[in-house]
Each structure stands twice: as C-alpha cells, then as structure tokens.
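Below: one structure, written as structure tokens.
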Amino acid sequence: MSLITGTDVVKEYVTGGETVRALKGIDFAVERGEFVSIVGPSGSGKSTLLNILGLLDTPTSGIVELDGADVAEMTTKERTDRRSETIGFVFQSFFLVPTLTARENVEVPRLLAGEPKETTRRATELLERMGLGDRTDHYPDELSGGQKQRVAIARSLINDPDLLLADEPTGNLDRETGDVILDEFGNICNEDVAVVTVTHDDYVADYADRVVELIDGRIVSGEGGSERSGGDTRV
Ligand code: ADP
Ligand code: MG
C-alpha cells in the first residue's frame, strides 16, 4: 500500500469573490522510502500540494488517503495526531526559536512525549548525524544558514516520521551545502522514510527517485503509483 495517495485532488481558494483553482484534479502516490521532488514554475501549486500532503490543508474535492485511511473522514484531532506521529516538516525559513539552543530546538516537537531524557538523547544523536555534534549548545544566530537548515532537518526527524516534507530545502544554500542536505535526505529514504521536496534547483533531480512536474495546477509528468492504477494517465 502506498504511504499517501491523492485521487482527483482539486484545491480552490476563494478570495475577494474570485476563485483560484490551485490544483485542477491531480492524482499522485508516494511510496515508503521514495525521494520525490516537486518542480514547476511559481504559482503552479507546489506549496498547495505540499500542504495537502502534510495534512495542513484539505482539498476542495478529491480523496487523500494516508496509509489507506481517508483523511477527510478523520476528526481534526485525529488529523493533528496523525500529522505529529507521521509527518516531519522542513520549511524554507527554518523557523528555529532564537532563544533556544540547537538541541532544544530539535527537542521541541517531542516535548509533549513526557520523556525528557530520551528526547535529549535522541536530539543529540540526530544533531551528531547531521554533523552538528559540536554545535548542540549554540543558538541559531551562532549558526550558518546550512547549519540552521540541518538543525531544522534534525527537528523534523525527532518523532520518527514516515514522511518528510520540505519546501525549498536548498533554496537559501550554496551548492555544496545543498549537496550535504540532499545526501542526508537520501540516507533518510534508506530508512524507509518518504521524502517529498519542493524545489527550484535543477540538481535536486540528480538525487530524487522521481521528479513530479506541476504546471498551472496539473501534473504534467511523474505522478507515480503506476503499479496500482493500470490507467493510462499515470507515468
Ligand atoms: P507555488 O508553491 O507553486 O508557487 P502555490 O501553491 O503557492 O504555488 O499557489 C498556487 C496558486 O494558488 C497561485 O495562483 C496562488 O496565488 C494561489 N494561492 C495559494 N495560496 C493561496 C491562498 N491562501 N489564498 C488564495 N490564493 C492562494
Ligand atoms: Mg511555493
């Protein structure tokens, strides 16, 4: 079974009496351990799709299933729980808390677990894995852009997600640092975590298992899930 699938997903935004159709009926499937890169021009619906994959937003119509369960049939609380158990996020602007150290920032999504020692152990281990073992007690303004991004990735992994979503994870970084981050995403996939990134950087395609191209709210290539559909629109 695919980790997450979408069937005929439509997303409309209504603002000031005008309706914008951001996603015009798309089908997709993401498998465990897969590294998918979403590309496309500005305004093509990439962030909208990522928000729907992350259960941060719901489609106007169409079906999204996480582990075979229809997301629309979950209560808000169920959706929130599934999101924190299953999905990690890396945002372009990191959103690190400036008054917390690197290690404390990584711990934040797991504070409610009520296991402070284990959380600290895991946060330290994740930072070491990201090559930041000597920066755990540094504050964000003492870290470079690439280091902050790696803290954000460590934070996204603290709850052992099945799905890691990243919007422009390499956008602010030089190529060399971007390569380090993408290598790390590759390692994460090897642990059966699905990674979905939105990117403008062409070279991300070298790392991804699959590139999904969005144009004007439609997928023009790389939908995925061909093994289960038998349809002729999937590639
Ligand atoms: P991308 O990430 O590819 O640049 P988005 O998913 O952000 O594209 O946006 C797709 C379309 O939906 C754009 O036309 C955008 O203006 C519109 N849009 C996105 N979010 C909103 C919103 N909250 N309200 C109204 N329109 C939106
Ligand atoms: Mg966007």
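Stretched out fully, how many nm does the piece from Glu142 to Asp174 gain, at 0.36 nm a residue minus the Cα gap?
Length gained, Glu142 through Asp174: 9.7 nm.
Just for the chain, what percent of DSSP beta bridges are antiparallel, to the closest 5? Spell out each step's value before the answer.
Working: 20 of 37 bridges.
Antiparallel bridges make up about 55 percent of those DSSP assigns within the chain.
For the chain, calculate the relative contact order in percent as a whole number, restricting contacts to Cα pairs under 8 Å that are 6 or more residues apart.
Relative contact order of the chain: 30 percent.
So which residue, out of Leu163, Leu111, Leu214, gets the largest mean-square fluctuation from a GNM of the chain using Cα contacts under 10 Å as springs?
Maximum among the listed residues: Leu111.
Mind checking the full-extension length gain between Val20 and Glu125? Use 0.36 nm per residue of separation minus the Cα-Cα distance, one decimal, nm.
33.4 nm
With the cut-off at 1.5 for a/c, could you classify segment 1-86 from its C-alpha gyration tensor as rounded, prolate or oblate?
Working: a/c = 1.89, a/b = 1.30, b/c = 1.45.
It is oblate, given that a/c is not under 1.5 and a/b is not larger than b/c.
Excluding Asp201 itself, what net charge comes from residues whose Cβ is under 12 Å from its Cβ, given Lys and Arg +1 and Asp and Glu -1?
-4
Which residue, Pro161, Pro169, Pro116, tops the fluctuation ranking in a GNM of the chain built on C-alpha contacts under 10 Å?
Pro116
Taking N as the number of residues in the chain, what is its alpha-carbon radius of gyration divided by 2.2 N^0.38 Å?
Numbers: Rg = 17.8 Å, N = 235, 2.2 N^0.38 = 17.5 Å.
Dividing the Cα radius of gyration by 2.2 N^0.38 Å gives 1.02.
Let's test this: bin the Cα-Cα distances of segment 123-167 at 10 Å from zero up to the farthest pair and state each bin's percent.
Over segment 123-167, the share of Cα pairs per 10 Å bin runs 28, 56, 16, 0 percent.
Rounded, prolate or oblate, given the Cα gyration tensor of segment 82-200, with a/c below 1.5 counting as rounded?
Numbers: a/c = 1.60, a/b = 1.12, b/c = 1.43.
Oblate.
How far apart, in nm, are two points set 7 Å out from the Cα along the Cα-to-Cβ line at Ser61 and at Asp134?
About 5.9 nm separates the two model spin labels.
Normalised by the number of residues in segment 13-72, what is the relative contact order in percent for Cα pairs under 8 Å and 6+ residues apart?
Rounded, it is 21 percent for segment 13-72.
Pop out the ³J(HN,Hα) list for segment 149-154 in order, Karplus 6.51 cos²θ - 1.76 cosθ + 1.60 with θ = phi - 60°, rounded to Hz; leave Gly and Pro as x.
Per-residue couplings from phi come out as 4, 5, 4, 5, 5, 4 Hz.
Could you give each residue of segment 16-32 its phi-based ³J(HN,Hα) in whole Hz, using Karplus coefficients 6.51, -1.76, 1.60 with θ = phi - 60°, and x for Gly or Pro?
Each residue's phi maps through the Karplus curve to give x, x, 9, 9, 9, 8, 6, 10, 10, x, 10, 10, 8, 8, 10, 9, 4 Hz.
Return Val180, Val97, Val9, Val39 ranked ascending by Cβ neighbour count within 10 Å, so the fewest neighbours appear first. It would help to have the intermediate numbers written out before the result.
Working: Val180 15, Val97 11, Val9 25, Val39 22.
If I rank by nearby Cβ atoms, fewest first, I get Val97, Val180, Val39, Val9.
What's the Cα-based Rg to Rh of segment 105-144, Rh via Kirkwood?
On the way: Rg = 10.6 Å, Rh = 10.7 Å.
Value, to two decimals: 0.99.
Kindly provide the helix-only [θ] at 222 nm of the chain, computed as the sum of -39,500 (n - 2.57) over DSSP H runs of four or more divided by all residues, to the nearest 500 deg cm²/dmol? Each step should come with its number before you reach the end.
Working: 7 runs with 71 residues, N = 235.
Here the helix-only value at 222 nm equals -9000 deg cm²/dmol.
What are the ³J(HN,Hα) values, in whole Hz, obtained from phi via the Karplus relation 6.51 cos²θ - 1.76 cosθ + 1.60 with θ = phi - 60°, for each residue of segment 121-134 in sequence order, with x given for Gly and Pro?
Along segment 121-134, the couplings run 4, 5, 4, 5, 4, 5, 5, 4, 4, 7, x, 10, x, 9 Hz.
Scan around Gly62 for amide H atoms under 5 Å from its own, H built in the peptide plane at 1.01 Å from N, and keep only partners 5 or more places away or cross-chain.
HN-HN under 5 Å from Gly62: Val10.
Classify segment 51-149 as rounded, prolate or oblate, taking a ≥ b ≥ c as the square roots of the eigenvalues of its Cα gyration tensor: rounded when a/c is under 1.5, otherwise prolate if a/b is larger than b/c and oblate if not.
Verdict is prolate for segment 51-149.
Taking Cα pairs under 8 Å and at least six residues apart, what relative contact order does segment 110-179 come out at, in percent?
31
Running a GNM on the chain with Cα contacts under 10 Å, which residue among Thr15, Thr60, Thr124 ends up with the highest mean-square fluctuation?
Looking only at Thr15, Thr60, Thr124, the largest GNM fluctuation is found for Thr15.
Around Val193, which amide H atoms from residues at least 5 apart in sequence, or from another chain, sit under 5 Å from its own amide H, with H modelled in the peptide plane?
For Val193, the qualifying residues are Gly33.
Would you please give the FRET efficiency between Asp202 and Ala113, computed as 1/(1 + (r/R0)^6) with r the Cβ-Cβ distance and R0 = 30 Å, to the nearest 0.05?
0.15
Read the figures in this text as sums done on the coordinates, not as results from a lab. These numbers come from a predicted model, not from an experiment. So basically every Cβ, Gly included, is an ideal-geometry build from the backbone, and we count neighbours across all protein chains shown.
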